[in-house]
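Input: a single structure, listed below in structure tokens.
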Amino acid sequence: MGNMATQTEFHVLAVDDSLIDRKLIERLLKTSSYQVTAVDSGSKALEFLGLNGENEDEERNSSVESVSAADEDHQVGVNLIITDYCMPGMTGYDLLRKIKQSSSFKDIPVVIMSSENIPSRINRCLEDGAEEFFLKPVKLSDVNKLRPHLMKGITTKNEMQSNTNKRKGSEEIQSPDRTRPRYNELEVV
Amino acid sequence: MDRNRLHNQVASMRRSLFDQGYLDDQFIQLEELQDDTNPNFVQEVVTLFYNDSTRLIQNIEQALNSRPIDFCKLDDYMHQFKGSSSSIGAKKVTNECTAFREYCNAENAEGCIRSFQQVKQEHAILKRKLEVYLQTVRQASQTA
């Protein structure tokens, strides 16, 4: 069929309270062929992930209305989170901490953006688990740095699948508990 | 040919916007993000900026008119303003925002008020220039 051997479409969750910056980051990410969900606050980000802000482990997410990314498999929905640092309410740093404290989401790479070049801030974010720290305005060259972090996530999870022809869409690839799609008579485990 | 003239006009307007320091490299980033699938990206972002910044200007005016002046709130608004203007490559506007924030940090009301006039001025000048420039770009692209 037509979708053979396409790379898994990565899904990035972008968090920024600025409308303009959201538009920019969305365009930057889409240009790089990522699927994007953009939200305007840390709490909306957590909501989208299916975390209700108390680090509940929403494993199969059966109780939630399933609007969120944690539909198929809690680790599939979102492959990377990129967030602004300075936001009212929950800062990007607060969000980073919550993600890293969640057993469901701690392995999702988190990138922080900020318009302010404050070394202590940058170091703190990196020490507490952020993969990268981008100074705003974010450029295409910054977004290009995301791919290795995303690829790392794929290879650790399902090494086989990234190498086989895919007949179905990306959603089904990393759902070990769903019906396993067959790829060329190989059953993926 | 009309088309060449228009294209030359676009090129020269664009060059002067950069040469005169109204725009910086970030604007080029916006241009690079525009393509056939998003043919109006630059205009969309500029429009968003002007809508958003108009709102912020009103907020800042209000904050500057209240007594006592809440410098924290002022700084917050200006942080947003500066962020947006920097995101579209509005160099002079961004610089005026930086100057404002310095007065703000020093809690210098007079300085803030004066500086804000500069911010508004640059904001308005750029708006006019961008309107003309983008209109010319549109005309040039339609004259195939």
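For this structure, a couple of remarks:
- Only helices enter this figure: runs of n ≥ 4 DSSP H residues, each worth -39500 (n - 2.57), summed and divided by the residues of chain B, yield -28000 deg cm²/dmol at 222 nm to the nearest 500.
- Each of B:Ala99, B:Ala11, B:Gly89 was placed along the dipole of the stretch B:1-143 (beta-carbon charges, centred on the mean Cα), and the one lying farthest toward the positive end is B:Ala11.
- With all protein chains kept in place, the per residue accessible area of the stretch B:1-143 amounts to 54 square angstrom at a probe of 1.4 angstrom.
- In this simple spin-label approximation, A:Glu9 and B:Ala106 carry label points 7 Å from Cα along the Cα→Cβ vector, and these lie 5.4 nm apart.
- Using a simple spin-label model with pseudo-atoms 7 Å out from Cα toward Cβ, B:Met13 and B:Gln135 lie 0.8 nm apart.
- Crossing angle, helix B:2-19 versus chain B [Cα axis fit, 0-90 degrees, rounded to tens]: 30
- Rounded to the nearest Hz, the phi-derived 3J(HN,Hα) couplings of the stretch B:132-137 under the Karplus curve 6.51 cos²θ - 1.76 cosθ + 1.60 (θ = phi - 60°) are 5, 4, 5, 5, 5, 4, where x marks glycine and proline.
- Only lysine pairs 8 or more places apart or on separate chains count here, and in the stretch B:1-138 those with Cα atoms under 13 Å apart total 7.
- Point-charge dipole on Cβ atoms (K/R +1, D/E -1) for the stretch B:1-70, about Cα centre, debye to 20: 340
- For A:Asp40, the shell of other residues with beta-carbons less than 14 Å away shows a net charge of -4, using +1 for Lys and Arg and -1 for Asp and Glu.
- When the convex hull of its Cα atoms is projected in every direction, mean area for the stretch B:1-143 (nm²): 8.6
- Listed residues A:Phe105, A:Ile118, A:Pro137: farthest to the positive end of the dipole of the stretch A:70-151 (Cβ charges): A:Ile118
The values are calculated or read from the model by the stated rules, or taken from the named source; none is laboratory data. Keep in mind it's a predicted model, so treat the numbers as computed, not measured. FYI the Cβ positions are ideal-geometry reconstructions off the backbone, even for glycines, and counts take in every protein chain you see. Heavy atoms of the whole protein, side chains included, go into the accessibility calculation; ligands, DNA and RNA do not. Shrake-Rupley method; radii C 1.70, N 1.55, O 1.52, S 1.80 Å.
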